[in-house]
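Below is one structure; the comments refer to it alone.
Computed from the coordinates by the stated procedures, all read-outs in this text should not be read as laboratory data. These figures come from a predicted structure and were not determined experimentally. A quick note on method: Cβ atoms are made from the backbone with ideal geometry, for glycine too, and the neighbour counts reach across all protein chains shown.
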Amino acid sequence: MTTLEAVTLAAVAWSVGALAWAARSAWRRPSPRAAAAPAGTALSGIVYAFGAGMSPRAKESASHHPLVYVAGLVYHAGVLSGGAALVAHLAGAALPASIALGLGAAMTLGATAGLVLLARRRSNPLLQAISAPDDYASNAIVDAWLASGALAMFTWSVTPFLVLTIVLALYAPLGKIRHCVFFFLARGLFGTRLGRRGVVAHLHGSRS
Amino acid sequence: MSTGIPLTPAPAPPAPDAYRRRLASLEPETVARARAAFAALLTRDHAVHLDACVHCGLCTTSCHYALVDEDPRNSPAYKVHLVAEAFRQESSAWARMFPGWTGARPVDAELIGEWVDVLFGRCSMCGRCTANCVVGIDVPALVRAARGALAAAGLVPPELQSTVDAAVNTGNNMSITHDDWIGTIEWLEDELRAEVGDDTARLPLDECDADFLYVLNPREPKFYPLSIVAAGAIFHRAGVRWTLARDYFDVTNYGLFSGSPEAAATIARRLVDTTRRLRAKQLVLGECGHGFAANRWLAPEWLGEEPGFEVRSVVDVVADLIRDGRIELDPSRIPNLVTLHDPCNLVRNGGVIAPQREILARAVTQWVEMAPHGYQNYCCGGGGGQLSMTRFARRRLEAGRIKADQIRATGARIVAAPCHNCVDQLSEIGKEYALGIEVKTMCELVADALVRRP
Ligand code: SF4
Ligand code: SF4
C-alpha cells in the first residue's frame, strides 16, 4: 500500500466515523414517545418509503421536475460507481476493462449531471436564496471527484482520484454531503409516521 | 356543581400595531428566550430532517402558497432553510466557526421577523410538501418548532395567541361561558326533538359510562348550532349511548399551531381527563381536522401517556353506523352534485381517508372526487392557524385559489368538508372566487339524508 493509499484509507475512516457520530448525535436528541395506538404498522410505512414511495409517480418533486429528477439519479449513480471503483482500487482488485469502462462512463455522466445541478443552483433565484457556499462547494467537490474517478478508469492514473477522495472524505461530514446518511434516517422516520397513522393503506389512486 | 370553566372572558389580544412595533424593537432578553426555547424544542426528528434536506427546491410546486405567488419565501424549501440556519448555529461548532460558509445564523431579531412573516404568515402546516419531497422532510414539524420558540418568547401573532389563551383560560377557544353552553344545548335539544319528531330525543350532558364522549368545535354552538342537531339526530336514530360534557367540549387545540407544547398539553389534558371522569369508552372527535391530529396522534406525545381509551373521528363512527345498518339514508334527498374536500390533518396527516367516501357513496345521489384528492389533496388554506391570523388573511385567500380551482373543475354545487375550520375557509373562498357552492359537514349531509320516519 502506498502512502497516498494509506492516507486515503485514513480519510475514509474519518469520514465514516464522523458521519456515524453526527447521526448518533442527532439520534440521541430527545424524542417524544409515540404513545398513540397505531392505526397501521411502522414497517408498512418504511417499506413504502423505500419502495413504491420512491417512484416518480409517488411524488411531485420527481413527476413535476423530470429532468432534475433524472439528473439526480444519474448523479447518484455516478457516486455509487465512484465508491465501487474506490473500494476495488483500495482492495487491490484488478477490474476487467469492460467494468472499468462502465464505471468510468457512469462517473462521467454523473459529473456532467452534477454540473447541470450546479448550474441550476447558480441560476434559480430560490436556490440562490437558500444556498450557502457549502452547497456549491459540496457539489463541486463531488463533481471533481467523479471526473477524477472517470479519468482513473480511462487512463489508470489514480493519483488525482485518491487526492480528491481525501478531500471529499474529509469534507463530507462537515456540510451538506451529510445527507448521504441522514437521507436514510429521514426517509425511515417519514415512513414510520405514514405507517403508524394508517395512511399507507390509502396511497393509491389519489391523483385521479 | 363546579364546571371547571372560569366565567371570565379571555384577555383581549394586544393591538396588532403594538405587536408590529414590538417585533421592530425586540429586547435582548426576548431574543435570548426564543433562542433558548428553539434549542430546547429540537428533537431527534427535527435534527434528522434538517440535516437530510438537500436544498433542492423541488417541493416548491407542491405548496399552494408557492403556486399562487412565486416569491421564494413561499417555497417550503425556504421555510426549511430559515429553520436550518438556526439549527446549524445551535448544533454545530464547525458551522458556528464558519457561519458565512455553512449558512449558520443565530436566532436574532432579524431572523425572528422572518420567522413571523414566513413561518406564521406563509404556511398552513398542511404537509403537502412533505408528501412530495424528495426525502420526506417533515416541514410542518420544523415550522412548529420555530413557532414554539416564538411562543416561548411571547411572539405569536396576537390573534392566534388569543385563541390559544381563550382555550387555556376559559376551556374553549371562543370563551363560551358555562351558562351559554348549557343554555345552547338545552335549546338545541328542543330543536332536535322537532327535527326527529321524537320527544324522547336528547342531547345528553355528563352521562357516565356512555359509548362515547362527543367533543366539537366551539364554532358549532356559536355559529353553526344546527351542526350539533345534525350529530344528535344521527346518534338518536342509531340508538347509541353518547354524551357531551358539561365542562370541556372543545375538540380544537390551537397549541398545535402556536407551537407551544405546554399550551397544547394543557388543552389536550382536559379532554383526556373528562373522558376518564365520565368513564366513556371512546372519545369521539367532531369534524375538525387539526383537532383530530392533535387529540388522536399528538396528545399522547404531549402528555407522555397513552389515553387508555379509543380516540376516533365522528366521520369514522358515522360510517360504521351506516355500514351496520343502524341508520337508513335516502340519497335522493341530496340530488345535487357533491364533491369532497380532504382536510389535511384528518387525511394526509391523520389517516382517516376511506370513511368519508363510504358516507358519500350512501348519503348523496352523485359525488365526484377533486383532482388530486386524498393523500395528495390541496390544503384549503385555512389550516395552521391562518383563519385566526387576520393579519395574513389576504395571503390566505389568495392561497385558497388552488382549492377554488379544484372545486370549480368538479362542477359540484355542494362541497362536503369534514372540518369546521375548512368549512369557514371554503365558504370564504366560495365567495372570493364566486364558486356558487354550499359547504356542509359530513354530519349535516347525513342528517339531511336520514330517512324520515312517519
Ligand atoms: S424539503 Fe425536500 S424537496 Fe424541499 S428542498 Fe428540502 S429536500 Fe428538497
Ligand atoms: S406545510 Fe403546506 S403550506 Fe406549509 S410549506 Fe408545506 S405545502 Fe406549503
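Would you kindly calculate the translational diffusion coefficient of chain A, applying Stokes-Einstein with the Kirkwood radius from alpha carbon pairs, for 10 °C and a viscosity of 1.306 mPa s, and quote it in µm² s⁻¹ without decimals?
83
Local charge sum around B:P307 (other residues, Cβ-Cβ under 11 Å, Lys/Arg +1, Asp/Glu -1)?
-1
Which listed residue (A:Y48, A:L73, A:S15) has the Cα farthest towards the positive end of the charge dipole for the range A:12-150, taking +1 on Lys and Arg C-beta and -1 on Asp and Glu C-beta about the Cα centre?
A:Y48
Please give the helix B:420-432 orientation as an angle from the longest Cα principal axis of chain B, in degrees from 0 to 90, rounded to the nearest 10.
80
Need one value for A:126-139: mean number of C-beta atoms belonging to other chains within 10 Å of its residues' C-beta atoms.
6
For the range B:39-182, with equal point scatterers placed on the C-alpha atoms only and solvent neglected, what are the log10 I(q)/I(0) values from the Debye formula at q = 0.12 1/Å, to two decimals?
One equal scatterer on each Cα of the range B:39-182 leads to -0.54.
Between B:E432 and B:A109, what is the label-point separation in nm under the 7 Å Cα-to-beta-carbon projection?
Each label point lies 7 Å from its Cα, and together they span 3.3 nm.
On the principal axes of its Cα set, how long, how wide and how thick is chain B? Give whole Å, largest value first.
Largest first, chain B extends 78, 52, 39 Å along its Cα principal axes.
What is the helix-to-structure angle for B:139-152, meaning the angle in degrees between its Cα long axis and the longest Cα principal axis of chain B, kept from 0 to 90 and rounded to the nearest 10?
Result, in degrees: 80.
Going down the table (B:K222/B:K281; A:K59/B:K440; B:K403/B:K440), which pairs top 21 Å between alpha carbons?
Where the Cα-Cα span goes over 21 Å, the pairs concerned are B:K222/B:K281; A:K59/B:K440.
If you line up the Cα atoms of the protein assembly as shown on their principal axes, what length do they span on each, largest first, in Å?
94, 55, 46
Using only Cα atoms, tell me the angle between helix B:225-238 and the longest principal axis of chain B; keep it within 0 to 90° and round to the nearest 10.
Helix B:225-238 and the main axis of chain B meet at about 60 degrees.
Rounded to the nearest 500, what is the 222 nm mean residue ellipticity of the protein assembly as shown from helices alone, with -39500 (n - 2.57) per DSSP H run of 4+ residues and division by all residues?
-17500 deg cm²/dmol
Within the range B:349-393, find all residues whose amide N lies under 13 Å from a label point positioned 7 Å from the Cα of A:A52 along Cα-to-beta-carbon.
Hits in the range B:349-393 for A:A52 at 13 Å: B:375.
Counting Lys and Arg as +1 and Asp and Glu as -1, each charge on the Cβ, what is the dipole of chain B about the Cα centre in debye, to the nearest 20?
It works out to roughly 760 debye.
Report the FRET efficiency, 1/(1 + (r/R0)^6), for B:D206 and B:R323, where r is their Cβ-Cβ distance and R0 is 30 Å, rounded to 0.05.
The formula returns an efficiency of 0.50 here.
Looking only at other chains, what is the average number of their beta-carbon atoms within 10 angstrom of each beta-carbon in A:36-45?
The mean count of partner-chain Cβ atoms within 10 Å per residue comes to 3.
Can you order the peptides A:184-193, B:366-375, B:143-152 by their average number of other Cβ atoms within 10 Å per residue, highest first?
The densest-packed peptide leads the list: B:143-152, A:184-193, B:366-375.
Towards the positive end of the charge dipole of the range A:125-208, with charges on Cβ (+1 Lys, Arg; -1 Asp, Glu), say which of A:A169, A:F182, A:T155 has the farthest Cα.
With unit charges placed on the Cβ atoms, the residue in question is A:F182.
Tell me the Kirkwood hydrodynamic radius of the range B:47-128 in angstroms, computed as one over the mean inverse distance between distinct C-alpha pairs.
13.3
Find the eigenvalues of the gyration tensor of the Cα atoms of the range B:166-323, then list the square roots of 5 times those eigenvalues as equivalent ellipsoid semi-axes, largest first, in whole angstrom.
For the range B:166-323, the semi-axes come out at 25, 17, 13 Å.
Alpha carbon centre of the range A:108-148 versus the range B:279-320: separation in Å?
46
State, to one decimal in nm², a quarter of the convex hull surface area for the C-alpha atoms of the range B:331-449, i.e. the direction-averaged projected area.
6.5
How many partner chain Cβ atoms sit within 10 Å of a residue's Cβ in peptide B:299-305, on average, as a whole number?
3
Give me the net charge of B:D273's neighbourhood, meaning all other residues with Cβ under 13 Å from the Cβ of B:D273; Lys, Arg count +1, Asp, Glu -1.
That works out to +3.
So for the protein assembly as shown, taking the charge dipole from beta-carbon charges (+1 Lys/Arg, -1 Asp/Glu), which of B:S162, B:P225, B:H55 sits furthest toward the positive end?
Ranked along the dipole, the leading option is B:H55.
Can you give me the Cα centroid spacing of the range A:166-194 and the range B:202-243 in angstrom?
Value for the Cα centre distance between the two parts: 49 Å.
If Lys and Arg each add +1 and Asp and Glu each add -1, what is the summed charge of the other residues whose beta carbon sits under 11 Å from the beta carbon of B:E189?
Within the 11 Å Cβ shell, the charges total -3.
Could you work out how far apart the two model spin labels at A:T155 and B:A361 are, taking each label as a point 7 Å from the Cα in the direction of the beta carbon, and quote it in nm?
6.6
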